[in-house]
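Input: a single structure, listed below in structure tokens.
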């Protein structure tokens, strides 16, 4: 009688298959994340596969804006809200639209911080500004670049539409939660559009993430103290172990790839 003798290659394949089976998660959930285009475009979309591999779970991404992500969380159509600004600022609008929502059950997990930038046109000679002077511009007290050392041109603010994390972060850092009130601002959908418009308008001042401004090689105003934008995941109630693994994976990947 002849006995089967497995060769080394065959044994190696069996051991490898066994190791892969042991390493695979016992159960992979699918989670929907909705909200901030900043967090989605800067991290979640380009690094989705890495985050899925690290967490062992599948992700469905719905980028729109922070406030809509929180609304989806309350409606049950998402398990995570992606926000790119202070939660308290985002809630001010939602508390009017959804007065009976369980706001006290929200749990926020910061996964990254990105620096803010204030883009200007290349013809604008100004390259530095204090927080105090920038605050006066955003409050509408200063309306011409000449008043802060620039050219004799009216200041035209350019920023993402209402509800975006950039505006919320700037308002929280400079205006103590008050609203920007600098006349008729030009509103766009995403930060990359802010920079494109600023490069066409000599009097423009654009609010955007530093990475976007620098990749476009647009001039920016250096502040005496930089402003950071916090990128966070928000859940309703305490996260399950599976949800916590997603949060940890996003945070770990962000630490490796974001500026």
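Derivation of every value follows stated rules applied to the coordinates shown; laboratory data play no part. This is a predicted model, so every value here is computed, not measured. Cβ placement follows ideal geometry from the backbone for every residue including glycine, while neighbour counts extend to all protein chains displayed.
Odds and ends about this structure:
- Largest-first ellipsoid semi-axes for segment 114-229, taking √(5λ) over the Cα gyration tensor eigenvalues, angstrom: 17, 16, 14
- Nearest 10 degrees, 0 to 90: helix 66-75 Cα axis against the chain principal axis: 50 degrees
- Candidates 118, 31, 80: whichever shows maximal mean-square fluctuation once the chain is modelled as a Gaussian network with Cα springs under 10 Å: 31
- Label point distance in nm, residue 257-residue 29, each placed 7 Å from Cα along Cα→Cβ: 2.2 nm
- Among the listed options (i) -0.46, -0.84, -1.34; (ii) -0.40, -0.65, -1.22; (iii) -0.45, -0.74, -1.29, the one matching log10 I(q)/I(0) by the Debye sum over Cα atoms at q = 0.08, 0.11, 0.17 Å⁻¹ as calculated from these coordinates is (ii).
- Acute angle (nearest 10 degrees) that the helix 241-257 long axis makes with the longest principal axis of the chain, alpha-carbon atoms: 60 degrees
- The C-alpha atoms of the chain define a longest principal axis, and helix 87-97 lies at about 80 degrees to it.
- Normalised by residue count, segment 195-259 yields a Cα convex hull volume of 135 Å³ per residue.
- In this simple spin-label approximation, residue 225 and residue 100 carry label points 7 Å from Cα along the Cα→Cβ vector, and these lie 4.3 nm apart.
- Placing R0 at 22 angstrom, the Cβ-Cβ distance between residue 179 and residue 113 gives a FRET efficiency of 0.45 after rounding to 0.05.
- Kirkwood-type hydrodynamic radius, segment 159-201: 11.0 Å, calculated from all non-identical alpha-carbon pairs.
- Between residue 60 and residue 200, residue separation times 0.36 nm minus the direct Cα-Cα distance comes to 46.8 nm.
- Distance in nm between pseudo-label sites at residue 139 and residue 123 (7 Å out along the Cβ direction from Cα): 3.1 nm
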